[in-house]
Each structure stands twice: as structure tokens, then as C-alpha cells.
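Q: Handing you this structure, nothing more for now.
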Number of protein chains: 2
Amino acid sequence: MRGAVLHGPGDVRVEDRADPRIVQPTDAIIRVTAACVCGSDLWPYRGIDQGDGPAPMGHEYVGVVEQTGDQVETIKVGDFVVGSFFASDNTCEICRAGYQSRCVHAELMGAIGTQAEYARIPLADGTLVATPGQPDAGLVPSLLTASDVLGTGWFGAVAAEAGPGRTVAVVGDGAVGLLGVLAARQLGAEHIAVFSRHADRQELAVEFGATDIISERGDQGVAQLKELTGGLGAHSVIEAVGTQESMMQAICSTRPGGHVGYVGVSHDVALPGEELFFSAVHLHGGPAPVRRFLPELIDLIWDRKIDPGRVFDLDLPLEEAAEGYRAMDERRAIKTLLRP
Amino acid sequence: MRGAVLHGPGDVRVEDRADPRIVQPTDAIIRVTAACVCGSDLWPYRGIDQGDGPAPMGHEYVGVVEQTGDQVETIKVGDFVVGSFFASDNTCEICRAGYQSRCVHAELMGAIGTQAEYARIPLADGTLVATPGQPDAGLVPSLLTASDVLGTGWFGAVAAEAGPGRTVAVVGDGAVGLLGVLAARQLGAEHIAVFSRHADRQELAVEFGATDIISERGDQGVAQLKELTGGLGAHSVIEAVGTQESMMQAICSTRPGGHVGYVGVSHDVALPGEELFFSAVHLHGGPAPVRRFLPELIDLIWDRKIDPGRVFDLDLPLEEAAEGYRAMDERRAIKTLLRP
């Protein structure tokens, strides 16, 4: 089969990879209908995360089940499925508490590489959720977002306890931040301010439900947010970047007793204890337990109540994955969809 | 009046200080019945926190109201009162959300110094809670703990979401940690493990409700706790020290999706973002909003349902404050009560 492989910084190639096969009796093989490039894929692409040797890429996916292992019971051949970027059994104590991304049997789909024609999905019954039927083509991009970027933005909003009566701020105007806006709106937030300097992203943020745009960052951004919130800061702040600056901006933007939901994968972050202590905020985040939210998100998409697929502003054949990465790296695209 | 003053590392003196007087019409003056030495007082005593010049000491107190400002309405002369180590109006939006220690008008009682015969209490109506009557002498130590050390341990347990069905771990066997054990028990926790190497503190921990004692620290302590919890870690961890080692021990002891309640005042802590991210824990803490819990804690003490005053193992006249500090510094005492 064909699949995207990162050979070194800036060097993504679509090449022949071995066809996946059932390894464990709990596996399924899917034919990938659509995959995409994640903001987190840019870390190794930019050489900030160092890999050792060529690595298959991609961890977001929707597709049709081609084959199932002997112990797969609920997922059937022919099902159209969405799964999380972490495979999980969905039965262990951690999964049952809603933290499937930290399942005791968790497997990272990024190591499998879903920017490909086919993918092996471990723990298929736990990992995959079938849609109510075969989706219209127009629903595929939105269903694909549920696999990670929407699920992650949604978790950020849930972790930040966005909800009725709350003022929410979003740090980061990438696809996750933008879908954090959508999530906060769905969860009933009253005001949603997004920190953004890019006109196209501001526009999409407003479409998704943002009520205020703040174009300053750092201390000045925090000061502007405080002006909007009677000097107190937001109740809920979604952090969707993962740098020291963005984490501190999120913490400082939150009122005492408020909630920071952080979903940007941390890079070189060291949180100063004293500042954190006196901030008196709640801090929660990490790799989003997307599986917890999948049934709800699929329903919202299926019923056309949300249209998160709008974050894809570049739609390419898999063979052009290299251009998809370049466009995101150069900020010419918010998010690239890849069609095998 | 007489009061304790820190002149430099290791140099606490009880000396004449100016009698306090009403400054704001919302102030009250109390005659201090009992005060005590806080673990956090040891930071400046040890020279780790540097002060500039002599500083009055103490922020925990119970006493009898001697005088009230013109705008004090609910607190009356003659009331026996308990107050938090932060003065707060208890009416602002932050107070109403339960974060009185970060009240928009918060004042730190430590700057006033309650290890003294009298103390000025700002925002008396918001800060002070009157007991149902004049307490028996035997209740005074327990009521005094509500002012900070019990309220702080309690907040740690609440922030860690200790409750029925939960396994709680407590990092730190000082007075706050021990009262964190008591709080977790009151809140209904199923198992309570405390990290402790000191026989006297282990004994008190068991009396307060600890079910397991772990005498290892760091990675080995975490490993022992994991053994007790099916490899998963505790649901709820109370951090009551404030160092890098104790914070990391707390985070690593918590299962994914679990809660760390951290109440040890942070000193030279820098939390590594990546480790925190993948831990997937909830982190909440800071200066305890003791005022939130005072009515409930006073009731529990008044009705003799809890006996947190047991943490005082040294009871001295105020004039012997220097010995009280020395004994805690040298770990000869868990906590020192001072009687003006």
C-alpha cells in the first residue's frame, strides 16, 4: 500500500509500505477513507522532536472495516468507523473513568501511521465507533475531525469546564483552538474570546462562536482579556499550543478558582510553582481521551448540528502529502485533509 | 502589647509592639486567645524566604472581639471568633465562587502578625466567623487549627476530590498533611495512605484515619503506592510540602484522570510540562480559601466530631515563642501552640 513516511526534517514522502495485517485477535484492518495532518505532526516535521530513522506518519483516520480479528465482536466488516489517536480497550478502570488515552493497554496510532491506504487498529472493539450508516461524502471531513482535532478541542473545553454563564478564552488559533471555540459554544459558554492574529482564523473562530478576538499576546493579551472580564480573568481557558508562553498566558488569563484545560502537546515547558500556586487555578489536560466523546461527537456531526470539517482548508490526494505538510508548516493552511 | 518578631534567620523575639487600632471602618480588634507557628513560618525562620528587616510573625488565630469599626455589622464585641490567614470581604465574585484567599480585597494576616496579644482583623464581617458561644478551653486548640492548618489540609483533600470509594495518598507528614488525612477520612475516603518516616507522625496519622503508611519517598515511594493500588496510583493525592520532589511524588502517585490537591507553599518548583501533560492528572491548589470551610469546620469541632487540635504537641506561653520555633525547626514538635 501507499503511505506517508517522514525521512527527516521537512522530508515527507509517500511511498510503498507493507500492507497491514491482523497481529492480535483484537485487531481490525480498515481501508482509510480520509486522514489528515495534525499540528503535532509538525513537531517532528520541523525537527523539534527528533526521530530515529524513517517514521510512518498520521494518527487521525476514518475508514471502512476490511477485516477483523477473531476476538473482535462489535465492529463488523463494512462498518464506517471513527477511532481515537490512541487505541484503547475501553474496559479497564482508567478507560471506565473516561481516560482512554491512558488506557492500561493504550497504543499510540502515530506509531502505526494512518496517512496511508490501510491501517491496523489495535483493540478494535474498544477503539472504534461505527457511524449509524455509510456517511455522505460531505460528512467525511467532519467525522475525521472527531478522531483527534475536534475531540482534543472538545476535551480542552470540558477540562476548562466551559459551560453556561462562563467566559471562555482560547489560547491558540490552530485547528484545535478553533474547535475548542466550537466546543465551548456547544457546551453553552456565554462569552468566548480567542487570542488570534490571523484574519482567516479569526473569521472561522467567529463562525464557530467566538464573541471576542484579542490580537495581543503575552502580558498585553492577558491585560486585554482582563478588561473584558471586569479585571478578574476568564472562568475557563483552553490552551491549545503547548509552549511556555502559551501555558503562562493561559494560567494568567484564568481567574482564581477558574479552570485551564490544556491540550497543546507540551514542549520545553517548566511551570513556575509559586506563580501556579498563587494563581489558584485548576489545571487539567493531556492527551485527549477522544474515545470518551466519540459517540456524542458522531451524533452531533451526523445530525448536522456542528460542522467541524470547516477547519480543513486544504484537501489533497495522499500522494501530495508533502505539500500538505509544507502548507501547514508555512501557515498557508490551517489543516490538511489527505485522501488515499 | 507583646508580639513575636523575626529579626533574621533563627532569631524570633517576643517584644513590645504598638497596640493595634481600627484603621478602616470594616476592621475589628481581637484579643488573641491562641496563636501558633505554621510550617510556612519556618521558610523565613530558616532564611529560605528573605525578609527586609524585622517582621511581625503569625497568621493563625482565635480570639475575642474587643472593638469593631463603624461599618462592622455582623461581628460583635465579645464574640469568640475564628478567621482565615487571609482577610477577605466574602462578597466579591471571587469570594462567592469560594476562593476567599484570592478575594479582590484580600489582605495577608501574616503582614499583621497574630503571634501577639492583639490583632487588627481587616474586613471583619467577611473574615471572621463567630463560634456558637464561648468555647470550653479544651476546644480552643481545635478551633485554632481551623484558621489555617486544618482549613489548608481540608482544602487539599477537597482539591484532590477525596471522597467515598477513593484511595487517597498524602505527601507530607507535617501538621497540614496529617490534617489532610483527617479531612480525607471525614470526606469518606476508602483508603488513605500517608508517606511518613516519623513514628510519632505515623501514629497520629493512623489516629486521624490513615490506613497505610509508606516510609519510602520519591520513585520508591511511588512504586509502593502503585502496589497498593493495582498499579494505577491513587485517585486523590494531597501534596502538603511544596518542594520539587514532593510535587513530582504527588503527580506520579496519581492515576490518569486523578486529582492532586497541592497546598504546600511552592518553593523552587518548576513542573516539567511533558511529564505533567502525559500524567493526565487534575492539578488544583494554592493558598487555601479557609473562609469557605470555616462554618462547617467550626460545627464539626463544636460538636466534637473531629479533634484536629491533636496536632499541637507543644503548648507554650507566647513569651517562649523562640523555643516554639526551634522545636518545630528541629522536628522535635509537629506544631506549636502559643498562648498570649
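The values are calculated or read from the model by the stated rules, or taken from the named source; none is laboratory data. Note that the structure is predicted; figures quoted are calculated from it, not measured. Glycine gets a Cβ as well: all are built from the backbone with ideal geometry, and neighbour counts include every protein chain shown. When the accessible area is computed, the model is the full protein with side chains, heavy atoms only, and any ligands, DNA or RNA have been set aside. Shrake-Rupley method; radii C 1.70, N 1.55, O 1.52, S 1.80 Å.
Q: Quick check, is A:L297 buried (at least 24 other Cβ atoms within 10 Å of the Cβ), in contact with a Leu (Cβ under 7 Å, 6 or more places away or on another chain) and more than 13 Å from every other protein chain (Cβ to nearest Cβ)?
A: Yes.
Q: Shifting gears a bit: Taking the condition of being part of a helix (DSSP H, G or I), within 11 Å of chain A (Cβ to nearest Cβ) and under 20 Å from the mean Cα position of the chain (by Cα), how many residues in region B:238-275 meet it?
A: Residues meeting the conditions: 3.
Q: Please give the number of the condition A:G324 fails out of (1) more than 13 Å from every other protein chain (Cβ to nearest Cβ); (2) small (G, A, S); (3) touching a helix residue (DSSP H, G or I) at 6+ places or on another chain (Cβ under 8 Å).
A: (3)
Q: A:E93 is checked against (1) more than 14 Å from chain B (Cβ to nearest Cβ); (2) over 23 Å from the mean Cα position of the chain (by Cα) and fails just one. What number does that condition carry?
A: The single condition A:E93 does not satisfy is (1).
Q: Let me ask you something else. Within region B:270-283, count every residue that is within 30 Å of B:P44 (Cα to Cα) and open to solvent by less than 10 Å² (accessible area, probe 1.4 Å). If you could, list the steps in order and put the result at the bottom.
A: The initial filter retains those residues of region B:270-283 that are within 30 Å of B:P44 (Cα to Cα), namely B:270-273, B:276, B:283.
Applying the additional criterion that residues be open to solvent by less than 10 Å² (accessible area, probe 1.4 Å) yields B:271, B:273, B:276, B:283.
Matching residues across region B:270-283 total 4.
Q: Take region B:84-95 and flag every residue that is surrounded by fewer than 20 Cβ atoms within 10 Å (Cβ to Cβ) and of a type in the set (A, V, I, L, M, F, W, C).
A: Across region B:84-95, the qualifying residue is only B:C92.
Q: Ok, one more. If you check A:R255 against the conditions, is it of a type outside the set (S, T, N, Q), open to solvent by 10 Å² or more (accessible area, probe 1.4 Å) and under 22 Å from A:Y99 (Cβ atoms)?
A: no
Q: Now for a separate question. Within region A:96-129, take every residue that is open to solvent by 40 Å² or more (accessible area, probe 1.4 Å) and outside any loop (DSSP other than H, G, I, E, B) and give me the one that is nearest to the other protein chains (Cβ to nearest Cβ).
A: Per the criteria, the residue is A:R102.
Q: List pairs: first residue in region A:328-340 and within 21 Å of A:S142 (Cα to Cα), second residue at pLDDT 95 or above and among the hydroxyl-bearing types (S, T, Y) anywhere in the structure, Cβ distance under 6 angstrom, at least six positions apart or on different chains.
A: A:M328/A:T336
Q: Shifting gears a bit: Just one of A:K305, A:K335 is touching a Phe, Trp or Tyr at 6+ places or on another chain (Cβ under 7 Å) and on the phi < 0 side of the Ramachandran plot; which is it? Give the derivation first.
A: Working: A:K305 fails: touching a Phe, Trp or Tyr at 6+ places or on another chain (Cβ under 7 Å).
Testing whether each residue is touching a Phe, Trp or Tyr at 6+ places or on another chain (Cβ under 7 Å) and on the phi < 0 side of the Ramachandran plot leaves just A:K335.
Q: Looking at (1) buried (at least 16 other Cβ atoms within 10 Å of the Cβ); (2) within 14 Å of chain B (Cβ to nearest Cβ); (3) of a type outside the set (F, W, Y), which one does A:L316 not meet, given that it meets all the others?
A: (2)
Q: Ok, one more. May I ask you to say which residue of A:D173, A:D212 is buried (at least 24 other Cβ atoms within 10 Å of the Cβ) and without any contact (Cβ under 8 Å) to a residue 40 or more places away in the chain? Lay out the reasoning, then the answer.
A: Details: A:D212 fails: buried (at least 24 other Cβ atoms within 10 Å of the Cβ).
From the options A:D173, A:D212, the qualifying one is A:D173.
Q: If you check A:T152 against the conditions, is it at pLDDT 95 or above, closer than 18 Å to A:A240 by Cβ and within 14 Å of chain B (Cβ to nearest Cβ)?
A: On the way: at pLDDT 95 or above: yes; closer than 18 Å to A:A240 by Cβ: yes; within 14 Å of chain B (Cβ to nearest Cβ): yes.
Spelling it out, A:T152 is indeed at pLDDT 95 or above, closer than 18 Å to A:A240 by Cβ and within 14 Å of chain B (Cβ to nearest Cβ).
Q: Name the single residue that is farthest from A:C252 (Cα to Cα) among those in region A:216-234 being in contact with a strand residue (DSSP E or B) (Cβ under 8 Å, 6 or more places away or on another chain) and at pLDDT below 95.
A: Let us first name the residues in region A:216-234 that are in contact with a strand residue (DSSP E or B) (Cβ under 8 Å, 6 or more places away or on another chain), namely A:216-217, A:221, A:224-225, A:228-229, A:232-234.
Adding the requirement that they be at pLDDT below 95 leaves A:216-217.
Numbers: A:E216: 14, A:R217: 12 Å.
The residue in question is A:E216.
Q: Looking at A:A162, is it over 17 Å from A:P295 (Cβ atoms), in a loop (DSSP other than H, G, I, E, B) and either open to solvent by 10 Å² or more (accessible area, probe 1.4 Å) or not aromatic (F, W, Y) (or both)?
A: On the way: over 17 Å from A:P295 (Cβ atoms): yes; in a loop (DSSP other than H, G, I, E, B): yes; either open to solvent by 10 Å² or more (accessible area, probe 1.4 Å) or not aromatic (F, W, Y) (or both): yes.
Against the criterion (over 17 Å from A:P295 (Cβ atoms), in a loop (DSSP other than H, G, I, E, B) and either open to solvent by 10 Å² or more (accessible area, probe 1.4 Å) or not aromatic (F, W, Y) (or both)), A:A162 qualifies.
Q: Another question, then. Can you tell me which condition B:L225 does not meet? The list is (1) within 14 Å of another protein chain (Cβ to nearest Cβ); (2) open to solvent by less than 10 Å² (accessible area, probe 1.4 Å), and all the others hold.
A: (1)
Q: List the strands (runs of 3 or more DSSP E) inside region B:14-83, counting only whole elements, that have at least 3 residues being surrounded by fewer than 19 Cβ atoms within 10 Å (Cβ to Cβ).
A: Numbers: elements: B:28-36, B:61-68, B:80-83.
Ranges flagged: B:61-68.
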